[in-house]
Amino acid sequence: MTITTNETHDASLRSWVQSANDGRTDFPVQNLPFAVFRRKASSEAWRGGVAVGNQILDLAAVLAGKGSDHFGDAAEPLQAAARETLNDFMGLGQPAWSALRLALARALREGAAAQADLQRCLVPQQDAEYRVPARVGDYTDFYTSIHHATNIGRLFRPDNPLMPNYKWIPIGYHGRSSSIIVSGHDFRRPVGQVKPGDADTPTVRASERVDIELELGVWLGRGNALGEPIAMADAEQHVFGFGLLNDWSARDIQPWEYQPLGPFLAKNFATTVSPWIVTTEALAPYRVAPPARPEGDPAPLPYLDSKANRERGAMDVHLQVLLQTPQMKQSGEAPARISQSNYKHAYWTFAQLVAHHTVGGCNLQPGDLFGTGTLSGPTLEQAGALIELTAGGKNPITLPSGEQRTFLHDGDTVILRGWCQKDGAARIGLGECHSTVLPARAI
Ligand code: MN
């Protein structure tokens, strides 16, 4: 079952926070995403916040003052969402998330009686720093774009690009949660074992092929008991929301290590996530049918199929990758767009990922994270990784600065953006996810 629209999505709603009414903001009053924050360079306690325009509603400050009087039915979710991670709030489940969203939407809209009490609970986003919004117990990365799977497969296995299981199973691997970092934190170029095609033996060195993967992060909410699968009909109720995710990948480490058990050190050195989680409910106006499966493709097996999923299982989210080199930073040049795609092209929906992950009885827990896999679209400009954009490093891309890139250089900053937009609904955005590649440690 998909979540439907309600009064919180009304496109005509305005907020008493003026910056939320600017049509270009990612965070109008119809969005209301959650993060964990504190004031920059402070030793304040981390606490939950809600983005509205260019401000953060500080939920701990709301609780501490008279602001909490305006949250009647949503008192319990408000307390849970104000904590130093969102796990408790995520574990409360869809009715609680929805109750808090409704209370926030009513308290933040123009003319709300709550304005006087909540105004003093705002912190400007430019003064804030963030942390990964939940303790991630487990992180699973999927492979839901058939375009990415085919492009990558062609480079790694020219004679056999798409494995025969792809159209039957949502392919994934269990990743590392310890190296998930939040946007704005940088990471070192990894060192690892590589074996160039013409070498007899491998060597250990800094990766020369650090790449991006444009993905969405799917944040799990209420979990399931060990041994109790989640059916398609219930799957979306377990998904708290979505953020941006960059699954940094070392393309020279990957081919030597990935068979037979899948990605390992090529993927475990860093994964960057955006600070804000846009709830599944906020995204309700942007649900669309998944792409029709081409003639001859198998229908999903019954445990991966439902009428609601066929009708509205996908989501129309515009995605962009931008790159800024050290030279561009020095000359004050803005980041350049190197790719644009959309989540709606994915072959497998997020409900199918939940149903598949749990069909054997695996338990999901609040704060678990799925990566959708690189969200490449059908055309080359829509590829979500440099390995695709440059045909395996053979065709460099040229930036407006005149510089060329196949893979990332030290000091390069990559920025992911995502947003939803259509007539009759408020434009909402996912914010930004950015990190810079730092030089490798000496071996
Ligand atoms: Mn990935």
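Could you go through region 192-200 and let me know if any residue there is of a type in the set (D, E) and crowded, with 23+ Cβ neighbours inside 10 Å. No, region 192-200 contains no residue that is of a type in the set (D, E) and crowded, with 23+ Cβ neighbours inside 10 Å.
Number of residues in region 162-191 that are within 21 Å of the chain's Cα centre (by Cα) and open to solvent by less than 90 Å² (accessible area, probe 1.4 Å) equals 15.
Within region 73-122, the set of residues being in a helix (DSSP H, G or I) and either open to solvent by 70 Å² or more (accessible area, probe 1.4 Å) or among the β-branched types (V, I, T) (or both) comprises D73, E76, Q79, D88, P95, R106, Q119, R120. Candidates are the residues of region 205-222 that are open to solvent by 20 Å² or more (accessible area, probe 1.4 Å) and more than 16 Å from the ligand (Cβ to nearest atom); the one that is farthest from L380 (Cα to Cα) is R222.
The residues of region 139-186 that are in a loop (DSSP other than H, G, I, E, B), of a type outside the set (K, R) and farther than 30 Å from A35 by Cα, listed by number, are P158, D159, N160, P161, L162, M163, P164, N165, Y166, W168, I169.
Beta carbons closer than 9 Å, at least 6 apart along the sequence or on distinct chains, pair a first residue in region 132-161 that is farther than 13 Å from S376 by Cα and open to solvent by less than 10 Å² (accessible area, probe 1.4 Å) with a second that is of a type in the set (K, R) and within 16 Å of the ligand (Cβ to nearest atom) for Y139/R176; D141/K267.
P196 fulfils the conditions (1) in a loop (DSSP other than H, G, I, E, B); (2) within 14 Å of the ligand (Cβ to nearest atom); (3) not small (G, A, S) except for a single criterion, (2).
When D252 is tested against (1) more than 13 Å from the ligand (Cβ to nearest atom); (2) buried (at least 24 other Cβ atoms within 10 Å of the Cβ), only condition (2) is not met.
Scanning region 26-45 for residues that are of a type in the set (G, A, S) and at pLDDT 95 or above, we see that the one that is farthest from A426 (Cα to Cα) is S43. Of all the residues in region 269-297, those that are within 16 Å of the ligand (Cβ to nearest atom) and open to solvent by 50 Å² or more (accessible area, probe 1.4 Å) number 0.
Enumerate the helices (runs of 4 or more DSSP H) found wholly within region 281-368, keeping only those where 3 or more residues are among the aliphatic types (A, V, I, L, M).
350-358
Just to be sure before I move on: is Q125 under 26 Å from the mean Cα position of the chain (by Cα), polar (S, T, N, Q), under 27 Å from A74 (Cβ atoms) and open to solvent by 20 Å² or more (accessible area, probe 1.4 Å) in the structure I sent? The answer is yes for Q125. Selection of region 408-420 for residues being open to solvent by 10 Å² or more (accessible area, probe 1.4 Å) and assigned to a loop (DSSP other than H, G, I, E, B) yields H409, D410, G411. Take region 421-435 and flag every residue that is closer than 15 Å to E215 by Cα, buried (at least 23 other Cβ atoms within 10 Å of the Cβ) and of a type outside the set (G, A, S). L430, C433 - these are the residues of region 421-435 that are closer than 15 Å to E215 by Cα, buried (at least 23 other Cβ atoms within 10 Å of the Cβ) and of a type outside the set (G, A, S).
None of G361, G402 is within 22 Å of N309 (Cα to Cα) and surrounded by fewer than 21 Cβ atoms within 10 Å (Cβ to Cβ) except G361. The conditions of being closer than 26 Å to E236 by Cβ and open to solvent by 10 Å² or more (accessible area, probe 1.4 Å) are not met by K394. Only one entry of A336, A346, A391, A383 meets the criterion of being out of contact with any strand residue (DSSP E or B) (no Cβ under 8 Å at 6 or more places or on another chain) and hydrophobic (A, V, I, L, M, F, W, C), and that entry is A391.
The values are calculated or read from the model by the stated rules, or taken from the named source; none is laboratory data. Quick caveat, the model's predicted, so the values are computed rather than measured. We place every Cβ from the backbone using ideal geometry, glycine too, and count neighbours over all the protein chains shown. These area figures cover heavy atoms from the full protein model, side chains too; ligands, DNA and RNA do not enter into them. Shrake-Rupley method; radii C 1.70, N 1.55, O 1.52, S 1.80 Å.
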